[in-house]
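Report on the structure given below.
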Amino acid sequence: MKIGVFVCHCGSNIGGTVDAARVAEASREFPDVVFTSDTMYACSEPGQDGIIQAIKDNQLDGVVVSSCTPRMHEPTFRRTVERAGLNRFMFEMANIREHVSWIGKDKEANTNKAIELTGIAVEKLRRDQPLFAKQFDINKRVLVIGGGVAGIQAALDCADGDREVVLVERESTIGGKMAKLDKTFPTVDCSSCILGPKMVDVAQHPKIQLYAMAEVEEIGGYVGNYEVKIRRKAPYVNWDLCTGCGLCMEKCPSKKSTDRFNEQVGSTTAINIPFPQAIPKKAVIDPKFCIKLTKGKCGICAKICPTKAIVFDQREEIISESVGAIVAATGYDLFDISKYGEYGGGRLPDVITGLQYERLLSASGPTGGHVKRPSDGKEPKTIVFVQCVGSRDKSVDRPYCSGFCCMYTAKQAILTKDHIPDSSSYVFYMDIRSPGKMYDEFTRRAMEEYGTQYVRGRVSMIYPQGDKLMVRGADTLMGTQVEVEADLVVLAAGAEAAVGAPQLAEKLRISYDKYGFFMESHPKLRPVETNTAGVYLAGSCQGPKDIPASVAQGSAAAAKVLALFAKDKLENDPMISLVDMKRCVGCGKCVRVCPFGAIKEIDVRGEPKAEVIETVCQGCGLCTATCPQGAIQLSHFTDNQILAEVNALCQL
Amino acid sequence: MEVVDIHASCDHEFIAKVEEESEQKVRLCYQCGNCTAGCPYTFVYDIPVSQVMRLVQAGQKERLLSCKSIWLCATCESCTTRCPNEIDVARIMDVLRHMARREGYVAEKNVKKFWDTFLDSVEKHGRVFEMGLLATYVAKTGRFWTDMELGPKILPKGKLSFKPHEIQGKDKVAEIFKRFREMQQ
């Protein structure tokens, strides 16, 4: 075997603390190495051309590049050796940047370590085998989980790209948080007016199959061939018959049901259509409050329904769908304001969340768009907004900025002035974060044109005084304590991961951060991909986001799906496990340990044996580590290769 | 108002000392103002507690050790409880008070006199002798009429004895003071 070693300076990144020329010189002593050189930037075009030229001139069988992390440029160099006519797996990389030059200053020690790492890469390469990918068919349907604005956008874009879309929504209507908003910043246009048409498009698009009141139960398979089980909850109404006329809602005698859509500002009927623009506009019975379902009597809705759509004994069902890609767009939930005892959220009726205030402002809300405070229905004249409630606060384990609260608070202050011209609004803030197109101008408008009083400081306590709320805080710019007697207090509750997000992530086999937000593949360069092939992210499930960013990510995820579906066949990664039938004793440990269900038990002449399903295996290596016989080996990372590396390191 | 040269006037040694003695990182403070918002003594402070934190960050030793706030702090720990960054602000106030005492700054003389008298009383009697404390404090400060109206209310309840309390282990308490003085030397 003839091996070439290329040592990269990476400008001064490596060259600054590693003598690259000496590493190249020393590598000449390693077995099978016939060519070495050091190069300023191996990844640059001249750098790659140099590698290709050296392969051709010296008839090299394999190449080692000592440079940066393989996460960065392994694909680059694999393509390089492939261009020179070698198999892409006849290539090894030694990481002498992240593992050497960036972490130590001693040039002598660094150079020695770089030589050792290059040496073990050579030993591994000497045992590399050419590997070839297998092709498999791809199912060009996509599952979108979550029908908020990000999911809607992703679904519409995929459907417009002529792909079949399965959209799953947990609530009885799509629209998500955006449907609950009255107006949107920074243009103050009506939220349901701009979202409504998109929701209607989802309902009418021939390529979109919508499952509302449904959740993903189970996901199996792999990129291009996912099998999904969807649990559809029982609305106790036959939606094929329901016309959404709303007669049932008018007559339902159980009027104290939890009004989830209106953020529990007021209550609603047990049979309910959340809002006039709901998609699908179908009635749902809340079994916790329905008199018929709890006590066995009533049934008024069933009597009055003109299409006889009420089905009290309806059961939930499991639906199976096959798709090739998945977009997770499960959004966010609000921080629980009752965690700040000093603010009285959950205890004082007139201390509410920003989203509850949106419902009070909305014409389709429980007060018909007239701002009335929850306790006594009076119109508030002094409104205090408190920002960063559950954001930027380590003591409640929410150290991150929720990003959109500064903007929605400014918007709500503006809308308050529009609704109640003789009102005064106070905003307690720590910093105003408005980095977006026309965003800062918008917050300035709230102050300059609408006379909103911005107070730089936090609120320490809110307590009732008569029928008012006394808000005590600080004005750090004045250097004093301040007090405001308020009629209504609106807490800008921060965003947190949606309920159940970690569980869904585990079904999708994607990672999530300690707060439950899904992890993108790269924070800058792969923002909508995950580390599981064929699973993409859109919207706030990845981290708090405003509407423009959510929509952009929805479209971006759709672009990724359409790019994936542009191919007719997919190739697997050949770095997968293979079973040596002669050594396998059929103990089945690998079958049980595989997290991807990629190993099955087969019968070979009456004996049980393990077999790897090549397109499903992700090459994680768990089975290799588990197998008591050493019968299952991970291609490109065999035991022999790893031991050769260890031996090389011990002998150097 | 004078211009503060934030580079030249920043006493890094002072910041390090405050951090070491309080076991807190003053850099964690992002000046939200929650400590000031909840502090029940802001009305008498010359510098609100959030600005005390800022001055520590800026290493303004002189201004801090000569301020009144550190002496007026009642260590109620509202600031510590409310701090979103979990800084023990009350402890920092305490450290500053000790530093001021060590370096001879006393912006609130009567507060210092009260503490000194209180501790003297404990050293001598094993626990505080209220009447003796009162007499010494009044004699030292000349504040004859302070809280005088409370006398008729608490005397009949036996709250104010004319003799020191007889307790066991008086000498042990005195030992503590002795050990402390030895440690200081």
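(1) under 18 Å from the mean Cα position of the chain (by Cα); (2) surrounded by 17 or more Cβ atoms within 10 Å (Cβ to Cβ): which one isn't true of residue B:104, the others all being true?
Status for residue B:104: all satisfied but (2).
Could you tell me whether any residue of region B:66-83 is basic (Lys, Arg), modelled with pLDDT of 95 or more and closer than 15 Å to residue B:26 by Cβ?
So in region B:66-83, the residues basic (Lys, Arg) come out as B:68, B:82.
Filter once more, keeping what is modelled with pLDDT of 95 or more: B:68.
Then keep just the ones that are closer than 15 Å to residue B:26 by Cβ; that gives none.
No, every residue in region B:66-83 fails to be basic (Lys, Arg), modelled with pLDDT of 95 or more and closer than 15 Å to residue B:26 by Cβ.
Please go through region A:201-244 and pick out each residue that is of a type outside the set (A, V, I, L, M, F, W, C) and at positive phi.
A:221, A:224, A:236, A:244
State whether the residues of region A:16-25 include one that is assigned to a strand (DSSP E or B) and either closer than 26 Å to residue A:132 by Cβ or small (Gly, Ala, Ser) (or both).
no
Looking at A:533, A:557, which is the one that is in a helix (DSSP H, G or I) and within 21 Å of the chain's Cα centre (by Cα)? Outline the logic, then answer.
On the way: A:533 fails: in a helix (DSSP H, G or I).
Result of the check over A:533, A:557: A:557.
Spot the failing condition for residue A:371; the list is (1) crowded, with 18+ Cβ neighbours inside 10 Å; (2) within 14 Å of chain B (Cβ to nearest Cβ), and only one is missed.
(2)
Looking at (1) away from chain B (no Cβ under 14 Å); (2) crowded, with 24+ Cβ neighbours inside 10 Å, which is the one condition that is false for residue A:418?
(2)
Given the condition free of Cβ contacts under 8 Å to residues at least 40 places away in the same chain and over 40 Å from the mean Cα position of the chain (by Cα), answer yes or no: does some residue in region A:56-79 qualify?
yes
Among the residues of region A:441-493 satisfying the criterion of being part of a loop (DSSP other than H, G, I, E, B), within 14 Å of chain B (Cβ to nearest Cβ) and without any contact (Cβ under 8 Å) to a residue 60 or more places away in the chain, which is surrounded by the most Cβ atoms within 10 Å (Cβ to Cβ)? Give the steps one after another, and end with the answer.
So the first thing to find is which residues in region A:441-493 are part of a loop (DSSP other than H, G, I, E, B), and the list is A:449-452, A:457-458, A:466-467, A:476-479, A:487.
Narrowing further to those that are within 14 Å of chain B (Cβ to nearest Cβ): A:457-458, A:476-479.
Checking which are without any contact (Cβ under 8 Å) to a residue 60 or more places away in the chain leaves us with A:457, A:476-479.
Working: A:457: 26, A:476: 23, A:477: 11, A:478: 12, A:479: 17.
Only one residue tops the list, namely A:457.
Among the residues of region B:1-22, how many are of a type in the set (Asp, Glu) and over 15 Å from residue B:99 (Cβ atoms)?
Matching residues across region B:1-22 total 2.
Look through region B:59-99, keep the residues that are more than 14 Å from chain A (Cβ to nearest Cβ) and polar (S, T, N, Q), and return whichever of them is surrounded by the most Cβ atoms within 10 Å (Cβ to Cβ).
The extreme case among them is B:60.
Any idea which of A:499, A:471 is aliphatic (A, V, I, L, M) and within 16 Å of residue B:39 (Cα to Cα)?
A:471
With more than 19 Å from residue A:553 (Cα to Cα) and in contact with a His (Cβ under 7 Å, 6 or more places away or on another chain) as the only criterion, which of A:131, A:125 stands out?
None of the other options fit; the residue is A:131.
Taking the residues in region A:26-45 that are part of a loop (DSSP other than H, G, I, E, B) and within 40 Å of the chain's Cα centre (by Cα) as candidates, determine which candidate is surrounded by the most Cβ atoms within 10 Å (Cβ to Cβ).
First, the residues of region A:26-45 that are part of a loop (DSSP other than H, G, I, E, B): A:28-32, A:40-44.
Subset that is within 40 Å of the chain's Cα centre (by Cα): A:40-44.
Details: A:40: 13, A:41: 15, A:42: 27, A:43: 17, A:44: 12.
Filtering region A:26-45 for residues that are part of a loop (DSSP other than H, G, I, E, B) and within 40 Å of the chain's Cα centre (by Cα), the one surrounded by the most Cβ atoms within 10 Å (Cβ to Cβ) comes out as A:42.
I'm trying to understand the selection: among the residues of region A:377-414, which are in a helix (DSSP H, G or I) and among the polar types (S, T, N, Q)?
Scanning region A:377-414 gives A:395, A:409, A:412.
Can you tell me which residue among B:56, B:44 is more than 10 Å from every other protein chain (Cβ to nearest Cβ) and under 21 Å from residue B:12 (Cβ atoms)?
Just one listed residue meets the conditions, B:56.
From A:608, A:628, which residue is farther than 22 Å from residue A:225 by Cα and in a loop (DSSP other than H, G, I, E, B)?
One residue alone meets the criteria, A:628.
Can you name the residue in region A:324-342 that is of a type in the set (A, V, I, L, M, F, W, C) and farther than 14 Å from residue A:496 by Cβ and is also farthest from the other protein chains (Cβ to nearest Cβ) among such residues?
Looking at the filtered set, the residue picked out is A:325.
The values are calculated or read from the model by the stated rules, or taken from the named source; none is laboratory data. Treat the numbers as computed from the prediction; the structure is a model and nothing was measured. Cβ: placed from backbone, ideal geometry, glycine included. Neighbour counts: every protein chain shown.
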